[in-house]
1. If we sort 203-210, 121-128 on the protection proxy, mean other Cβ atoms within 10 Å, highest first, what's the order?
2. Taking the chain as a Gaussian network, Cα atoms linked when under 10 Å apart, which of 367, 195, 90 shows the biggest mean-square fluctuation?
3. Spin-label point model (7 Å from Cα, Cβ direction): what's the residue 68 to residue 389 distance in nm?
4. Run the numbers for residue 248 and residue 307: contour at 0.36 nm per residue of separation, minus the present Cα-Cα distance, in nm.
5. With the cut-off at 26 Å, tell me which of the pairs 121/353; 6/412; 173/359; 5/426 have Cα atoms farther apart than that.
6. Quick one: which of 132-143, 269-280, 389-400 comes out on top by average Cβ neighbours within 10 Å, and what's the full order, highest first?
7. Rounded to the nearest 0.05, what FRET efficiency do residue 329 and residue 128 give with R0 = 30 Å and r taken as the Cβ-Cβ distance? Could you check?
8. Taking R0 as 30 Å, what's the FRET efficiency between residue 149 and residue 421 from their Cβ-Cβ distance, rounded to 0.05?
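Where a number appears in this text, it was derived from the coordinates with a stated rule and is not lab data. Quantities reported herein were computed from a predicted structural model and do not represent experimental measurements. Backbone-built Cβ (ideal geometry, glycine too); neighbour counts: all protein chains shown.
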Amino acid sequence: MTQGKKRTIADINRKLAAGEAVVMSASELCQEVRCGTDVQFDDLDVITSGTCGLMSGTYAVLSFQFSDPNRFVKASQIYFNGVEGYPGPCPNERIGIIDAIVYGTKHSRLDPHYGGGHLFKDIVRGAEIAVEVITDEGKTLRGGVTIDQMPHAVLHGSRHAFRNYVGFVNPGKDPIATIFCSSALPPNYGGATACGCGELNPIQKDPGLRTIGVGTRVMLNGGTGFVAGLGTRSSIERPCLSVVADMHTMNPDYMGGFQTSAGPEVIQTWAVPIPILDETVLRTAKILDEEIPLVITDIRGRAALTETTYAHLWLGTARRIGFDDEACSVFRSKCLDCPPALLCPSHAFTEKKDKIDGKICFSCGICAATCHGNCFVGEIGSVQVDGRRVPFIQRLSDRAKASAAADELKDKLLRQTFKLVEPVAKIELR
Ligand code: SF4
Ligand code: SF4
């Protein structure tokens, strides 16, 4: 049973309107706790949490006028920049309007390195999207569309914001292609990967979903979203959420495609306000990386091999990865290939080998782990597994972007451009 002091969301909204509320990002709160500050209930009204990483359960519902009425009866197939969508569910007979669902994990038939995640970013940044419709009469119609011409462009997350995740190693004898690494995961414990933003994660900050409920307003990719309920495969041990958000309001810098050795994946970014309603919420909000379990599993079936903590991934490691182009220009004549350019999941580092494009870099670190000349700057940590030290070779979550989103949400709360809302129903964990 909850003991001690309490406040309501209405109380906090009054304080925010009066300029009297104390809002901290989860990073700031954890920093205070690590420094030994005894943050009390009266010291804090809201924290802003965040997570950014691979969220495969992402799809978009798009609707727009594609042609004049009566040019075709119904669409039977549709492609956006070569990424297959699913016409419907509303059939739209003879009116020239397309309704379609597009999966974030679908690959383009034109480019194996392009998928739904890249498409969603391109839509949000306002690029013209090539549309190909095959009608039920077998005719092929081509056109283009931008987000400004789409009255309806809504992103849905069916499995998002999971409360951290697991790490992966490959104890076997052969490399394994996987969505959990941009290269095949090396054999014989040759490298680990891991997902999860640790102490910034929204559900980690509110594990009982005491403040996050159906209808909670969140920031998804910088735009306004609303929690719909639990996500698919959510469990008490590993909960996740579903969400709906208007793509017109999003910032493309928070989203994108992520090339893996098993094809393109999707990156999404959440920021969630956690109102400090009682002392239980304050206690869970203070949890640190070093207290959050990170289970390292065998990629061949996910059997747990060891349990460590998120401190191994995020404490004392680089948030951003740097590139020393001078060192590369000296060393590159010895390189038979350039793994960073081949493997960079977002194409932030390319065959030009000149710089990292910070706008699309997800700070995954595989460039630093694979460069022949050690020309990248950024330590990404290691774990002990079965008695050996295994270096992380890629992070599948971007803590720098999660932190930026949480900071942006804090700023919006203080400026009153983002309002806290009461959930319309509690989400029961099960
Ligand atoms: S592997 Fe490293 S040193 Fe070699 S060309 Fe690529 S970035 Fe430069
Ligand atoms: S950290 Fe390196 S490999 Fe990863 S996205 Fe950035 S530039 Fe690409």
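1. Going by the mean number of other Cβ atoms within 10 Å, highest first, we get 203-210, 121-128.
2. Of the options given, 90 has the highest mean-square fluctuation.
3. 7.1
4. 17.1 nm
5. Beyond 26 Å: 173/359.
6. Highest to lowest by the protection proxy: 269-280, 389-400, 132-143.
7. In this case the efficiency is close to 0.25.
8. 0.45
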